[in-house]
Amino acid sequence: MKGTDAYSIRGLRHAYGDRTILDIPALDIPAGGISTFMGPNGCGKTTLLSILALLRTPSEGSVRLGGVETVRNRDRELRRRVTLVHQKPVLFSATVRKNIAYGLRVRGLPHREIRDRTEGIARALGLAEILDKHSHLLSGGEAQRVALARALVVETPIVLLDEPTNSLDDASRPILAQLLHHAVRSRNITVIMATHDPDIVSALSSRVFRLEGGTIAPSCG
């Protein structure tokens with residue numbers, strides 16, 4: 001998506017009943033680099049990410065992904081351009097290896113490529129020793145790293161991360177930062193995070209947007 005915005009938002013509003021969660025008149029998120037939405041719990045960060053991931057339809061407005069309108073557009077190839085890692089890891093009842101490889105298998109990649117990419121990302125995230133461990137035996141930090149590996153291994157142009165450091169220990173945070181920086185530099189992907197962790201923002205972000213009460217604070221962006 002070189003030369004265009006990753007997302008262009010116009011007149012975005014989302015509400016649950018009579019409670020407005022998001023109200024963003026206009027916002028462009030550039031392609032490439034790492035953008036972060038900061039703000040306290042309940043400010044609309046998770047809802048916004050789910051809309052950007054094409055998992056939720058906003059009440060009103062337009063959201064363009066790489067110039068293509070996404071509202072009520074659920075084209076499979078369009079959705080495959082985005083990967084979302086939830087705040088609480090959602091893993092299949094299977095081994096670490098099968099969890100990481102899931103997206104590659106769905107895309108029909110050759111067995112050897114699936115194996116090599118799965119084992120490569122597992123080594124990078126310190127998961128190589130537990131590839132055959134069942135997901136229900138993982139610690140919270142291990143589960144989060146598996147979810148991150150599953151997202152990064154498919155190499156989508158856009159990766160969305162909801163509070164990616166919540167379950168990570170101190171040793172895993174710099175590994176995540178290094179991986180994301182490498183992916184941005186080598187493949188020119190767009191990473192969009194939602195967090196309230198100022199340390200990860202200072203370590204990673206090339207641009208920061210602050211959400212307050214469901215809207216973008218005037219001083220940010």
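Where a number appears in this text, it was derived from the coordinates with a stated rule and is not lab data. Quantities reported herein were computed from a predicted structural model and do not represent experimental measurements. Cβ sites come from the backbone with ideal geometry, for glycine too, and all protein chains shown count toward neighbours.
Observations, loosely collected:
- Charge dipole of region 5-216 about the Cα centre (unit charges at C-beta), most positive-ward option of 172, 20, 189: 189
- From its DSSP helices (H runs of at least four residues, each -39,500 (n - 2.57)), the chain gives a residue-normalised ellipticity at 222 nm of -10000 deg cm²/dmol.
- Per-residue HN-Hα couplings for region 122-136 [Karplus 6.51, -1.76, 1.60; θ = phi - 60°; Hz; x = Gly/Pro]: 5, 5, 5, 9, x, 10, 4, 7, 10, 4, 9, 7, 6, 4, 6
- Computed over region 5-216, the percent of Cα pairs more than 24 Å apart is 41.
- Computed from backbone phi, the HN-Hα couplings of region 90-104 come to 10, 10, 6, 6, 6, 6, 4, 4, 5, 5, 5, 7, 3, x, 5 Hz, rounded to whole numbers (Karplus: 6.51 cos²θ - 1.76 cosθ + 1.60, θ = phi - 60°; Gly and Pro given as x).
- Region 192-218 and region 27-57 have Cα centres spaced 9 Å apart.
- Peptides 175-184, 156-165 ordered by packing proxy, namely the average of other Cβ atoms within 10 Å per residue, highest first: 156-165, 175-184.
- Close amide H partners of residue 12, meaning residues 5 or more places away or on another chain with modelled amide H under 5 Å apart, are 24, 62.
- Dipole magnitude for region 5-216: computed about the Cα centre from +1 point charges on Lys and Arg Cβ and -1 point charges on Asp and Glu Cβ, it is near 720 debye.
- Positive-end extreme of charge dipole, the chain - chosen from 65, 209, 38 (charges on Cβ): 65
- For region 92-143, the residue among 137, 108, 96 whose Cα projects farthest onto the positive side of the dipole built from Cβ charges is 108.
- Sorted peptide list for 15-25, 139-149, criterion being average Cβ within 10 angstrom, highest first: 139-149, 15-25
- The H on the amide N of residue 190, modeled in the peptide plane, is under 5 Å from the matching H of 32, 158, 159, each at least 5 residues off or on a different chain.
- Taking region 1-155 as the region of interest, the number of lysine pairs whose Cα atoms are within less than 27 Å, with members eight or more places apart or on different chains, is 5.
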